[in-house]
Amino acid sequence: MLYASIFLRGLAIVCLVSWNTTLLASGRSLAIVVAAALSGVWWLNARTASRADGPVAMVCYATGAGCGTALGLWLSTVV
């Protein structure tokens, strides 16, 4: 369960960053809401990130981040 939560944190943060970047670039006000969500996820991650250690945790976070980029780009085309 620990590794799944690490994956999901990477996914959530990078998805929101990716999505928000495209919203900002196109001047959409939805970027304000996405930025607020991003800040909340970032704050939660900062409180718990130091508890995970080792190469497996790093790979889980990096894989989640890669998937988050793809999801954020997809969201920018449908929302």
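Annotations for the structure displayed:
- Contact order, relative form, for the chain: 58 percent (alpha carbon pairs under 8 Å, 6 or more residues apart, mean separation divided by residue count).
- When the Gaussian network model of the chain links Cα atoms closer than 10 Å, the mean-square fluctuations of Ala62, Ala25, Ala52 top out at Ala25.
- The chain: angle of helix 55-78 to the longest principal axis, Cα-based, in degrees nearest 10: 10
- Relative to the longest principal axis of the Cα atoms of the chain, the long axis of helix 30-48 lies at roughly 10 degrees.
Read-outs throughout are calculated quantities, based only on the coordinates presented, and are distinct from any laboratory measurement. Everything numeric here is computed off the predicted structure, so don't read it as measured data.
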